[in-house]
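One structure, pasted below without further comment.
The values are calculated or read from the model by the stated rules, or taken from the named source; none is laboratory data. Quick caveat: nothing in here was measured; it's all calculated off a predicted structure. Positions of Cβ are generated from backbone atoms using ideal geometry, with glycine treated the same way; all protein chains shown enter the neighbour counts. Only protein heavy atoms, including side chains, enter the accessible area calculation; ligands, DNA and RNA are left aside. Shrake-Rupley method; radii C 1.70, N 1.55, O 1.52, S 1.80 Å.
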Amino acid sequence: MIGGFLGAGKTTSVAALAQHLSDGGQKVGLITNDQGRELVDTAMLRAKGFATEEIPGGCFCCRFNSLVDAAGKLTEQSRPDVFIAEPVGSCTDLVATVTYPLRRIYGEDFSIAPLSVLVDPIRAARIFDLSDGGNFSEKVIYIYHKQLEEADLIVINKTDLLETDALADLRDKLAKEFPDAKVLQVSVRNNEGLEDWFGRITDAEQIARTVMEVDYNIYAEGEALLGWLNATVQLSARDGFEAKAVLQQLAGDIQNELQEQSAEIAHLKMTLSPDTGLGREVAIINLVRNDFVPELSADLAGPIESGQLIINLRAEGDPELLRQTVENAAANAPTDLTTKLDHLEHFRPGKPEPTHRVTDLM
Ligand SMILES: Nc1nc2c(ncn2[C@@H]2O[C@H](COP(=O)(O)OP(=O)(O)OP(=O)(O)O)[C@@H](O)[C@H]2O)c(=O)[nH]1
Ligand SMILES: [Mg+2]
């Protein structure tokens, strides 16, 4: 499992690790997970050609049997040597509710790698008071801390975004706060530090230790502060349109509105897939905090006439505000573009109720 808070770079890392293993001759099966359905992450990973199953409608811990079923389905399809699973970015207590139950019930079938927890260094520096800037409230930060507390490997990602001194301060802080974890530094985007990290994931099994304590009331309240929105919109224009321009305009409008309403964005991600073509081509845009620029990480080769837009937005704010913001942004699209909303769900995640909670493997 590759965990970490919303927007830390989990899906990007899952894709990089999957590629690394495939290049080494191993077959991979990927499992994505979300509180809602219609996932950007699944679209992204499938666009890269990896066998991917998604578990919508709740986190792994609360849908433990679906996780095992997804592994079974992938096994039927392609018999993967390795499964890589991405848990929901607002989820914690994964050792007690996912890896230990897997080991106890299915220990013969799977061997479990150490748990990596990824960190976006700008977000982490704010959480640990090393820098100023937009932040989340206390109960959301509780979840952030808990995620790191259970990590075997804390992986500071996006090292390309931080100066050397600031990075050293963050690394020292994390090492001091979480002495049981090994702290690594990588830039998945620049392919830096990956050999060492991937080696540690693939060469070792997770060491069993006593699991952390979690206050499920604070955890539930923290999760419920995060508004969640997943939407699917059909876009078309008779004379064609550029994916990049549309994604940038939508992302910019959503960002401006949420900034104005002081709703801190955890992750806004959107994919646009053309209706025609081989199904692999996709344009992707992401924004991981209010005061950053929406980043286009993949674009289409040329203009298209129609396509499917998937919007996944997670921000600390009222889900109703998220809905209005997204609908306003869609309505604000250029006049020659027709937008048809196929699916929209907006909610606060419910209280996590794990299927199993195993506190000790002895
Ligand atoms: N600068 C930089 N950006 C990165 C790096 N790795 C990932 N990102 C960007 O971070 C953003 C979020 O990446 P994702 O992989 O979608 O993050 P995630 O953790 O899967 O997000 P959720 O599934 O929403 O929790 C994207 O814009 C990525 O391109 C990196 O090494 N450097
Ligand atoms: Mg992801």
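Summing -39500 (n - 2.57) over the DSSP H runs of n ≥ 4 in the chain and dividing by its residue number, what mean residue ellipticity at 222 nm do you reach, to the nearest 500 deg cm²/dmol? Display every interim value, and only then the final one.
On the way: 11 runs with 127 residues, N = 362.
Calculated mean residue ellipticity at 222 nm is -11000 deg cm²/dmol.
Using only the C-alpha atoms of the chain, find the volume of their convex hull and express it per residue in Å³. Kindly include the intermediate steps, with their values, before the conclusion.
Numbers: hull volume 46.5 nm³, N = 362.
Spread over its residues, the Cα hull of the chain gives 128 Å³ apiece.
Where a ≥ b ≥ c are the square roots of the eigenvalues of the C-alpha gyration tensor, would you call segment 118-181 rounded, which needs a/c under 1.5, or, failing that, prolate if a/b is larger than b/c, or oblate? Each step should come with its number before you reach the end.
Numbers: a/c = 1.72, a/b = 1.07, b/c = 1.60.
It comes out oblate by the Cα gyration axes.
I would also like to ask the following. Determine the distance separating the Cα centre of segment 102-122 from the Cα centre of segment 211-238; give it in Å without decimals.
Taking the Cα centre of segment 211-238 as reference, the centre of segment 102-122 is 22 Å away.
Further, regarding this structure: What pairs in Lys10/Lys48; Lys146/Lys269; Lys176/Lys269; Lys244/Lys340; Lys146/Lys351; Lys48/Lys244 have C-alpha atoms more than 27 Å from each other? Display every interim value, and only then the final one.
On the way: Lys10/Lys48 15 Å; Lys146/Lys269 24 Å; Lys176/Lys269 33 Å; Lys244/Lys340 19 Å; Lys146/Lys351 16 Å; Lys48/Lys244 19 Å.
Beyond 27 Å between Cα atoms: Lys176/Lys269.
On to the next question. Give me the dipole magnitude in Debye, nearest 20, for segment 78-221 about the Cα centre, with unit charges on the beta carbon: positive for Lys and Arg, negative for Asp and Glu.
On the way: 15 positive and 27 negative charges, 40 e Å.
The calculation lands at about 200 debye.
For segment 9-84 and segment 141-155, what is the centre-to-centre distance using only Cα atoms, to the nearest Å?
About 22 Å separates the Cα centre of segment 9-84 from the one of segment 141-155.
Okay, moving on. Residue farthest toward the positive end of the dipole of the chain, with Cβ of Lys/Arg at +1 and Asp/Glu at -1: which of Ala151, Gln26, Val98?
Towards the positive end, the residue furthest out is Gln26.
On each of the three principal axes of the Cα atoms of segment 1-67, give max minus min coordinate, whole Å, ordered largest first.
Here the Cα extents, ordered largest to smallest, are 33, 25, 20 Å.
With the other protein chains left in place, how much accessible area per residue, in square angstrom, belongs to segment 321-362 at a 1.4 angstrom probe?
Values: 2590 Å² over 42 residues.
That works out to 62 Å² per residue.
Return the distance in nm (one decimal) between the two label points of a simple spin-label model at Ile207 and Gln324, each offset 7 Å from Cα along Cα→Cβ.
Each label point is offset 7 Å from its Cα along the Cβ direction, giving 5.2 nm.
Right, another one. Taking a probe of 1.4 angstrom, what is the accessible area of Val119 in Å², to the nearest 10?
0
Looking at the square roots a ≥ b ≥ c of the eigenvalues of the Cα gyration tensor of segment 170-327, which shape do they give, rounded for a/c under 1.5, prolate if a/b is larger than b/c, or oblate?
On the way: a/c = 2.38, a/b = 1.49, b/c = 1.60.
Oblate.
Separate question: Hand me the trypsin sites (Lys or Arg not before Pro) from segment 182-250 located in a DSSP loop with no more than 15 other Cβ atoms within 10 Å, in residue order please.
Values: sites: Lys182, Arg189, Arg200, Arg209, Arg238, Lys244; in loops: Arg189, Arg209.
Of the trypsin sites (Lys or Arg not before Pro), the ones in loops of segment 182-250 whose Cβ has at most 15 other Cβ atoms within 10 Å are Arg209.
So, one more: What residues qualify as long-range amide H neighbours of Asp34, i.e. H under 5 Å apart, gap of 5 or more or another chain, H built at 1.01 Å from N?
Ile55, Gly57, Gly58
Just need the Rg to Rh number for segment 292-334, please, alpha carbons only, Kirkwood Rh.
1.02
With θ set to phi - 60° and the Karplus curve 6.51 cos²θ - 1.76 cosθ + 1.60, what are the ³J(HN,Hα) couplings of segment 346-362 in order, to the nearest whole Hz, using x for Gly and Pro?
9, 6, 9, x, x, 5, x, 10, x, 5, 10, 9, 9, 9, 8, 8, 5
Restricting to the chain, compute how many DSSP beta bridges are antiparallel as a %, nearest 5.
Values: 40 of 59 bridges.
DSSP beta bridges in the chain are roughly 70 percent antiparallel.
Now for a separate question. When the dipole is taken about the Cα centre of the chain, and only Lys, Arg (+1) and Asp, Glu (-1) are charged at their Cβ, what size is it in debye, to the nearest 20?
Using Cβ point charges on Lys, Arg, Asp and Glu, the chain gives about 620 debye.
If I measure Cβ to Cβ between cysteines in the chain, which ones have no partner under 4.7 Å?
Cys61, Cys62
Find the accessible area per residue for segment 87-207; the probe is 1.4 Å, ligands and nucleic acids are left out, and the unit is Å². Provide the component values of the computation, followed by the final result.
Working: 5320 Å² over 121 residues.
Counting only protein heavy atoms, the per-residue value for segment 87-207 is 44 Å².
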